[in-house]
Amino acid sequence: TALRCEAKFFTESRLLQRDVILGTVLHPNGNITELLLKEGFARCVDWSMAVYTQGAEKLRAGEKSAKERKVRIWKDYVAPTANMDQKDRQFVAKVMQVVNADAVVVKLNSGEYKTIHLSSIRPPRIEGEEKNKDKDKRFRPIYDIPYMFEAREFMRKKIIGKKVNVTVDYIRAATSSSETSTIPAFAERTCATVTIGGINIAEALVSKGFATVIRYRQDDDQRSSHYDELLAAEARAIKNGKGLHSKKEVPIHRVADISGETQKAKQFLPFLQRAGRSEAVVEYVFSGSRLKLYMPKETCLITFLLAGIECPRGSRNMPGGMQVAEPFSDEAMAFTKELVLQREVEVEVESMDKAGNFIGWLHIEGVNLSVALVENALSKVHFTAERSSYYKTLVSGEEASRLRKDKIWANYEEKKVEEVVHVMEEKERTANYRAVYVTEITDTMHFYTQDVETGTQLENLMETMRAEIAAQPPVEGSYAARRGDYCIANFSADGEWYRARVEKVQSPAKVHVFYIDYGNREIVPSTRLAVIPPAFSTRALAAQATEYTFAYIQVPQDEDARADVVDSLVRDIQNTQCLLNVEHSGVTCPHVTLQFAESKDDVGLSLVKEGMVMVDVRKEKHLQKMVGKWPDASLRSSRYV
């Protein structure tokens, strides 16, 4: 020990706090450092790689060459991925989920799902004392750990749903929580470099200050194949004070989780209902029709149930034991996950159940998830969908999948339809006429109306919207139309802008739009469409045109006869005020009676008297009284045939 202390003093007295020169020896045959590494006489030292001016990648390449040839100090070297096939070492996969900020779940070409951890980086974390500071509050890493949410969002927006290149760097073996325990503290991990468009995701995270680089022992070869780039990115992030290295106060995310909180959910319900379509991010998928959503504007988490459908139930723990999963419940959940998990969606909240779960419609890129599940034979239409504007689409989708005998309909056998007469003796027809303005009549004798009560609101909105558009005209051709999107369209008849919904994109020159406040349709070029200003969206004022059809009358099957009826209706009631009463629900829209505003004469009865249509006799007794005199009127008509 005396000699050791003397040796230490000898070195310290000559070198401590002195400048030490790090240099490179060049030889006519090349760089000695690189040659030593290439021939297996030396190994790279991490701490000095950053100051090497000739290119650190050359040193790593030399060391890699020696390892592959197993020369000298590397004669017993075994590569971390030596036992893997080439197809397992490098592959392309689709990102299905971002796990915190250092791992992703990908879908391989085989359909298999695999969790990939980003090599050599550590996501934001919090010390144990901070984590347990508030014991009454449930710890949520994604929101409670500083910069974890930002890191997850950075990855989610960049790679979710996209194809990425995966290069496996090493497999980290499972570790036990203690020497005597058989339960692993960490399961086996596949660690890899993930790139998209030539960008290393781990390096991008580190450069933003959303992750740090793991330091290894010098002989630890289980590290990223781009380790030096990660260190350089971290050095830049520290120098620029990015993210975790910032001196500023850490961002705080106060997110209210109202899942299952009935009272809180009741308070939120009116706001979400009035908002119309609200933006959301799908955080978790419990089943094919049950999801957890993050609402960024409301900064809350909600449980959301898809409206209008009945999805197969998964297995559940019940008081009497485990309830067995219904057929195709797993397939329905997988379908929903692949389509919407961690994607940005739009939701329309309609109601709430007793447990505080919100019920409504979810849209992603113009696709209604309820409709998509039904069309893919993974769900059935629920009777509550009848009062929805999506009912017709749901029914047609169910009918198509039933005819294919696909999935849940594989063993379906159509039952013989028996005529059922519903007994409704005690119920009386209710007459509650309200003033409406008829805006459009279709070739099928359906018509659209606006409520007179809200007419002033629409006029004010249109006036303000057009003034704003005139002050700041939209750039022609800047809008990319997508089916299901709300937009504004320049109507060809008067050159004015109106709110519309894209129904079909045939080509940039032929976009089918539906004017949501008037009920008419038009095919326009995309150059006559523009993004709807947020202040004039359906959140500000719901679509004003409502579709109806006539009750108690049969639509003529003959095209010419039907055209005559439509012409008559256009002359008599289009662009006029009438009185409307809903008589009963229908497959696609409510069936109503209309009265002329001044005379109070029934429009449908007038058509019957003129012999233009026939009476549709109802079996419900409370409705029979209404049309009891109509057949007589039709018989007296000179035109009735």
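The values are calculated or read from the model by the stated rules, or taken from the named source; none is laboratory data. Keep in mind that this is a model prediction, so the values were computed, not measured. Neighbour counts are summed over all protein chains in view; Cβ atoms, including those assigned to glycine, are modelled from backbone coordinates with ideal geometry.
Listed residues 346, 331, 338, 350; which is of a type in the set (Asp, Glu) and modelled with pLDDT under 90?
350
Pairs needed: first member in the range 1-26, assigned to a loop (DSSP other than H, G, I, E, B); second member anywhere, among the hydroxyl-bearing types (Ser, Thr, Tyr); C-beta distance under 6 Å; at least 6 residues apart or different chains.
24/33
Just wondering, is there one or more residues in the range 138-149 that are crowded, with 21+ Cβ neighbours inside 10 Å and at pLDDT below 90?
Yes, the range 138-149 contains at least one residue that is crowded, with 21+ Cβ neighbours inside 10 Å and at pLDDT below 90.
Need pairs with beta-carbon distance below 9 Å; first residue farther than 30 Å from residue 553 by Cα and within the range 436-463, second aliphatic (A, V, I, L, M) and at pLDDT 90 or above; sequence gap 6+ or separate chains.
That search, which allows pairs on different chains as well, returns nothing.
Out of contact with any His (no Cβ under 9 Å at 6 or more places or on another chain), surrounded by fewer than 17 Cβ atoms within 10 Å (Cβ to Cβ) and at positive phi: does that describe residue 356?
Values: out of contact with any His (no Cβ under 9 Å at 6 or more places or on another chain): yes; surrounded by fewer than 17 Cβ atoms within 10 Å (Cβ to Cβ): no; at positive phi: yes.
For residue 356, the condition - out of contact with any His (no Cβ under 9 Å at 6 or more places or on another chain), surrounded by fewer than 17 Cβ atoms within 10 Å (Cβ to Cβ) and at positive phi - is not met.
In the range 380-393, what count of residues is obtained for those that are of a type outside the set (D, E, K, R) and either within 22 Å of residue 283 (Cα to Cα) or part of a helix (DSSP H, G or I) (or both)?
Number satisfying all stated conditions: 5.
Going through 561, 542, 500 one at a time, which residue ends up being out of contact with any Pro (no Cβ under 7 Å at 6 or more places or on another chain), among the small types (Gly, Ala, Ser) and under 30 Å from residue 608 (Cα atoms)?
561
Right, residue 478: surrounded by fewer than 19 Cβ atoms within 10 Å (Cβ to Cβ), touching a strand residue (DSSP E or B) at 6+ places or on another chain (Cβ under 9 Å), among the polar types (S, T, N, Q) and over 29 Å from residue 598 (Cβ atoms) or not? I'd like the intermediate steps shown before the answer.
Details: surrounded by fewer than 19 Cβ atoms within 10 Å (Cβ to Cβ): yes; touching a strand residue (DSSP E or B) at 6+ places or on another chain (Cβ under 9 Å): yes; among the polar types (S, T, N, Q): yes; over 29 Å from residue 598 (Cβ atoms): yes.
Here the answer is yes, as residue 478 does meet what is asked.
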